[in-house]
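**Q** Encoded as structure tokens, here's the structure I'll be asking about.
Quick note: the coordinates plus some simple rules give every number you see, no bench work behind them. Quantities reported herein were computed from a predicted structural model and do not represent experimental measurements. For neighbour counting, all protein chains shown are included, and Cβ atoms are generated from backbone atoms with ideal geometry for every residue, glycine included.
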């Protein structure tokens with residue numbers, strides 16, 4: 001029995017004596033691209049209480065929109081000057097189509113995102129000067145401004 005085992009081992013050694021076994025390696029490259037994205041979480045509102053008997057420039061009461069951008073993504077915000085614009089002038093329309101009140105609408109237009117869990121609150125400021133409402137018709141005035149944000 002021992003002779004038989006020695007013989008099998010000897011035959012195996014002869015069979016493999018001319019064959020070299022070798023391993024090899026390969027690399028796998030892994031990559032990702034995080035998309036620069038900006039999204040609004042909420043819109044906002046601007047409300048004016050215009051009383052000609054008081055007069056003066058009136059600051060709007062503002063609920064600021066919120067948005068987020070991918071971390072370190074630079075963003076730019078623009079607006080369409082509102083539905084009742086005249087060139088670059090923002091205007092609210094009143095009870096009649098010719099009843100118009102101009103207003104300012106300003107905000108920071110550029111910045112850098114902090115990621116989805118770090119929302120950014122806009123800094124809209126809006127005013128109406130006295131000359132725009134002193135002789136305005138009584139009633140409600142409205143406008144809709146569309147904001148666009150791009151990374």
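**Q** Helix 2-16 versus the longest principal axis of the chain: what angle, 0 to 90°, nearest 10, using Cα atoms?
**A** Between the helix axis and the principal axis of the chain, the angle is about 50 degrees.
**Q** Continuing with this model, one more query. Hey, can you rank 93-99, 36-42, 127-133 by average C-beta count inside 10 Å, highest first?
**A** Those peptides, ordered most packed to least, come out 127-133, 36-42, 93-99.
**Q** Moving to a separate point now. Ranked highest first by average number of other Cβ atoms within 10 Å, how do 70-82, 107-119 line up?
**A** 70-82, 107-119
**Q** Would you mind ranking 92, 122 by Cβ crowding within 10 Å, fewest neighbours first?
**A** On the way: 92 24, 122 20.
Exposure proxy ranking, most exposed first: 122, 92.
**Q** So, one more: Can you pull the Kirkwood radius for the stretch 50-130, inverse mean 1/r over Cα pairs, to one decimal in Å?
**A** That comes to 14.8 Å for the stretch 50-130.
**Q** Give me 62, 121 ranked fewest to most by other Cβ atoms within 10 Å of their Cβ, as a rough exposure proxy. Could the numbers behind the result be given before it?
**A** On the way: 62 16, 121 12.
If I rank by nearby Cβ atoms, fewest first, I get 121, 62.
**Q** Please give the FRET efficiency for residue 121 paired with residue 99, using the beta carbon to beta carbon distance and R0 = 41 Å, rounded to the nearest 0.05.
**A** The formula returns an efficiency of 0.80 here.
**Q** Based on other C-beta atoms within 10 Å, arrange 147, 21 from fewest to most.
**A** Placing the least packed residue first, the sequence is 21, 147.
**Q** Follow-up. Translational diffusion coefficient of the chain at 37 °C, 0.692 mPa s, Stokes-Einstein with Kirkwood Rh over Cα pairs, in µm²/s as a whole number.
**A** 158 µm²/s
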